[in-house]
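The structure appears right after this line, and notes come after that.
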Amino acid sequence: MSDKKTKGLFSVFGSIFFGLSIAVLGSIFVYGLLMAYGRAKETRSWQETPCLIVKSEIQEFRPTPNSPFHYVSVVEYVYNYGEKDRTGKSIKRVDGPSSDRKRAEKKIIPFPKGKSTQCWVNPDDPDRAILKQSTLAPMYTLWFPGLFVVAGIGIALNAIRRSIKNG
């Protein structure tokens, strides 16, 4: 096998590997966005129920003595579902601490103590409720990582086509 054919073979395999790598990475992001959309869409079928905010505050903590403060938005509310009074603690489906106090405060502003509002209750698990539904935006941004999938497959197919043509 000549040196030129060896270089051409490595070029083809390199292009195929590169294209498939780009396609796989794009597919991972597409999958992640589809999962986020599915979770957000699921809560749209939950039962809307009146609730009353009984606690709304910011709690601060330090994970370790030398780490900066973390702030947690704490909102508790009571609601009646299935002829039973229940307590909810989730603002959104996924809540987490913030290192920015203002961001944590912003989360609880719409939910002051004593406010009557609506929450969404999971009919399959009535002890699970949320005050705010997640955005459906992941579905609208799917096109961007989809471009990487299409481009990666295109790069790999073009490399195969060139190798067959130059055969």
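Checked against (1) under 30 Å from Tyr81 (Cα atoms); (2) surrounded by 13 or more Cβ atoms within 10 Å (Cβ to Cβ), Ser11 meets all criteria but (1). Only one entry in Pro97, Pro126, Pro68, Pro145 is touching a Gly at 6+ places or on another chain (Cβ under 6 Å), more than 15 Å from Leu52 (Cβ to Cβ) and without any contact (Cβ under 8 Å) to a residue 60 or more places away in the chain, namely Pro126. Evaluating Val75 against the criteria (1) over 25 Å from Tyr37 (Cα atoms); (2) touching a Ser or Thr at 6+ places or on another chain (Cβ under 8 Å) leaves one unmet condition, (1). Search the range 130-154 for residues being assigned to a loop (DSSP other than H, G, I, E, B) and in contact with a Leu (Cβ under 7 Å, 6 or more places away or on another chain), and hand back the single one that is farthest from Ile91 (Cα to Cα). If we take residues in the range 130-154 being assigned to a loop (DSSP other than H, G, I, E, B) and in contact with a Leu (Cβ under 7 Å, 6 or more places away or on another chain), then Leu142 is farthest from Ile91 (Cα to Cα).
Would you confirm, using the coordinates I've provided, whether Lys84 is modelled with pLDDT of 90 or more, in the same structural domain as Ile53 (by TED's automatic domain parsing), over 23 Å from Pro63 (Cβ atoms) and touching a Pro at 6+ places or on another chain (Cβ under 9 Å)? Yes, satisfied.
Can Leu20 be described as modelled with pLDDT of 90 or more, in a helix (DSSP H, G or I) and either surrounded by fewer than 18 Cβ atoms within 10 Å (Cβ to Cβ) or not β-branched (Val, Ile, Thr) (or both)? I'd like the intermediate steps shown before the answer.
Numbers: modelled with pLDDT of 90 or more: yes; in a helix (DSSP H, G or I): yes; either surrounded by fewer than 18 Cβ atoms within 10 Å (Cβ to Cβ) or not β-branched (Val, Ile, Thr) (or both): yes.
Yes.
Under the condition of being among the hydrophobic types (A, V, I, L, M, F, W, C) and modelled with pLDDT of 90 or more, which residue from the range 37-58 is farthest from Lys102 (Cα to Cα)? Give the steps one after another, and end with the answer.
Step one: list which residues in the range 37-58 are among the hydrophobic types (A, V, I, L, M, F, W, C), which gives 40, 46, 51-54, 58.
From what is left, the residues that are modelled with pLDDT of 90 or more are 46, 51-54, 58.
Working: Trp46: 30, Cys51: 25, Leu52: 24, Ile53: 21, Val54: 21, Ile58: 10 Å.
Restricting to residues being among the hydrophobic types (A, V, I, L, M, F, W, C) and modelled with pLDDT of 90 or more, the top hit is Trp46.
Return a yes/no flag: does the range 60-69 have any residue that is loosely packed, with under 13 Cβ neighbours inside 10 Å, closer than 24 Å to Ser134 by Cβ and not hydrophobic (A, V, I, L, M, F, W, C). Within the range 60-69, not a single residue is loosely packed, with under 13 Cβ neighbours inside 10 Å, closer than 24 Å to Ser134 by Cβ and not hydrophobic (A, V, I, L, M, F, W, C). One residue stands out in the range 100-111 among those that are free of Cβ contacts under 8 Å to residues at least 24 places away in the same chain and not basic (Lys, Arg): the one that is nearest to Pro63 (Cα to Cα), namely Ile109.
In the range 84-101, how many residues are surrounded by fewer than 10 Cβ atoms within 10 Å (Cβ to Cβ) and under 18 Å from His70 (Cα atoms)? Before the answer, list the steps.
Looking only at the range 84-101, we keep the residues that are surrounded by fewer than 10 Cβ atoms within 10 Å (Cβ to Cβ), and these are 84-85, 96.
Subsequent filtering for residues that are under 18 Å from His70 (Cα atoms) retains 96.
Number satisfying all stated conditions: 1.
Among the residues of the range 155-165, are any assigned by TED's automatic domain parsing to the domain that holds Ser21, among the hydrophobic types (A, V, I, L, M, F, W, C) and touching a Leu at 6+ places or on another chain (Cβ under 9 Å)? Yes; the residues of the range 155-165 include at least one that is assigned by TED's automatic domain parsing to the domain that holds Ser21, among the hydrophobic types (A, V, I, L, M, F, W, C) and touching a Leu at 6+ places or on another chain (Cβ under 9 Å).
The values are calculated or read from the model by the stated rules, or taken from the named source; none is laboratory data. Note that this is a predicted model, so its numbers are computed, not measured. Quick reminder, even Gly has a Cβ in these numbers, built from the backbone with ideal geometry, and neighbours come from all protein chains shown.
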